[in-house]
Amino acid sequence: MRTPSLWRRLTTRGRLFIWFWLAVVAVAAILGATLHFIRPPHPSIAQWNADVARHHLKGDHTGILPPQMALLEKHNGTGGFPLPLTGPHGQTARQIYAAQTVDVPPGTPMVAVLLEGISQPDEQSTDAMASLPGAVSVAFSPYLSGADTLMETARQYQHETLLVLPMQASKDKPTTTQTPPADDAGPRAISLLNSSQQNTDNLNWVLSRMAGYVGVVGAPVGPNANTLLHSQDFTTILGTLDKRGLLYVNGTVDQPITGAGLLGQADVQINADTDIVGIDIQLLKLQQAARRNGHAIGVMSRSGP
């Protein structure tokens, strides 16, 4: 009797995980050119001395800088880390923590790839960041525990980092669990049902979950995304992000936004749960968008934690 192959012995989750990282490698191989997005201090950042005066433009430093105290408030926020702020010389997190700019000939279509939603500090996540090309940016869930290690791993392998901003765009209250289901943005979500103060408090909690990131990425969960993205509360949020020196990436392809600050718009959502043919189609759409507009952003979501 023949022994089943290793692939057949894998669980469904294991197969999905392998397909996902094969898709990520395919993105790097096929696209070719990439573009990065244009109390006492927490113990993990207290050791870093600010030296931001010499960093004026994105990419004029070598490697991803660690958290800089001059770009952080003096006390911890509700999420455990100090909130980001603009530095004494006007430097911002979106400049200082950015990866180096890729030099390409003028007129070359540029592509940015963002892997969003890493939510577990497990060995798979660590190994994935070690094997991913540095040109791929990563976005961490604010519900992630033990973020220090993953943030350090991301910096070590030259990945620009962002936070996921949970947003609930439905008539249902977000769940109160720290591990929300896929169709729920969780207890700290920006929501149409929240008061303005609740949304402000939730934003501050999210922004103080980590330190040393360039901005946030958001994609509302629920049928009323357009309403949320054009609400006064969301306009206020964009203004707050800009004042704190952060960029915002809109992960909802069919819901463009306008507002204050540096905004990025996803052109293609890359679903790694589909088969290889479906992934190829999505990558082709990303290439076409880059050729059409001169640049394009692809947001890739992983299938598991």
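Within the stretch 243-264, which residues are open to solvent by less than 40 Å² (accessible area, probe 1.4 Å), within 18 Å of HIS295 (Cβ to Cβ) and hydrophobic (A, V, I, L, M, F, W, C)?
If the condition is that a residue be open to solvent by less than 40 Å² (accessible area, probe 1.4 Å), within 18 Å of HIS295 (Cβ to Cβ) and hydrophobic (A, V, I, L, M, F, W, C), then LEU247, VAL249, ILE257 are the ones that fit.
Could you tell me which of the residues ALA139, ALA70 is within 21 Å of ARG244 (Cβ to Cβ) and surrounded by fewer than 19 Cβ atoms within 10 Å (Cβ to Cβ)?
Answer to the selection: ALA70.
So which residues in the stretch 56-91 are of a type in the set (D, E, K, R) and either within 21 Å of GLY146 (Cβ to Cβ) or modelled with pLDDT under 90 (or both), if there are any at all?
LYS58, ASP60
Filter the stretch 222-242 for residues that are outside any helix (DSSP H, G or I) and of a type in the set (Gly, Ala, Ser) and give the result.
GLY222, SER231
Among the residues of the stretch 282-290, is there at least one that is open to solvent by 50 Å² or more (accessible area, probe 1.4 Å) and touching a Leu at 6+ places or on another chain (Cβ under 6 Å)?
Looking for residues that are open to solvent by 50 Å² or more (accessible area, probe 1.4 Å) and touching a Leu at 6+ places or on another chain (Cβ under 6 Å), one finds none in the stretch 282-290, hence no.
If I filter the stretch 258-305 down to residues being in a loop (DSSP other than H, G, I, E, B) and at pLDDT 90 or above, which single residue comes out as nearest to VAL102 (Cα to Cα)?
Selected residue: GLY294.
Looking at HIS89 and the list (1) open to solvent by 40 Å² or more (accessible area, probe 1.4 Å); (2) assigned to a helix (DSSP H, G or I); (3) out of contact with any Ser or Thr (no Cβ under 7 Å at 6 or more places or on another chain), which single condition is not satisfied?
(2)
Would you confirm, using the coordinates I've provided, whether GLY245 is within 15 Å of LEU162 (Cβ to Cβ) and either outside any loop (DSSP other than H, G, I, E, B) or out of contact with any helix residue (DSSP H, G or I) (no Cβ under 6 Å at 6 or more places or on another chain) (or both)?
no
Conditions tested, residue by residue: (1) farther than 25 Å from PRO82 by Cα; (2) open to solvent by 40 Å² or more (accessible area, probe 1.4 Å).
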site	(1), (2)
ASP201	no, yes
TYR213	no, no
PRO223	yes, yes
THR227	yes, yes
HIS230	yes, yes
GLY239	no, no
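The values are calculated or read from the model by the stated rules, or taken from the named source; none is laboratory data. Because the structure is a prediction, the values reported are computed rather than measured. Quick reminder, even Gly has a Cβ in these numbers, built from the backbone with ideal geometry, and neighbours come from all protein chains shown. These accessible areas exclude ligands, DNA and RNA; they are computed on the full protein's heavy atoms, side chains included. Shrake-Rupley method; radii C 1.70, N 1.55, O 1.52, S 1.80 Å.
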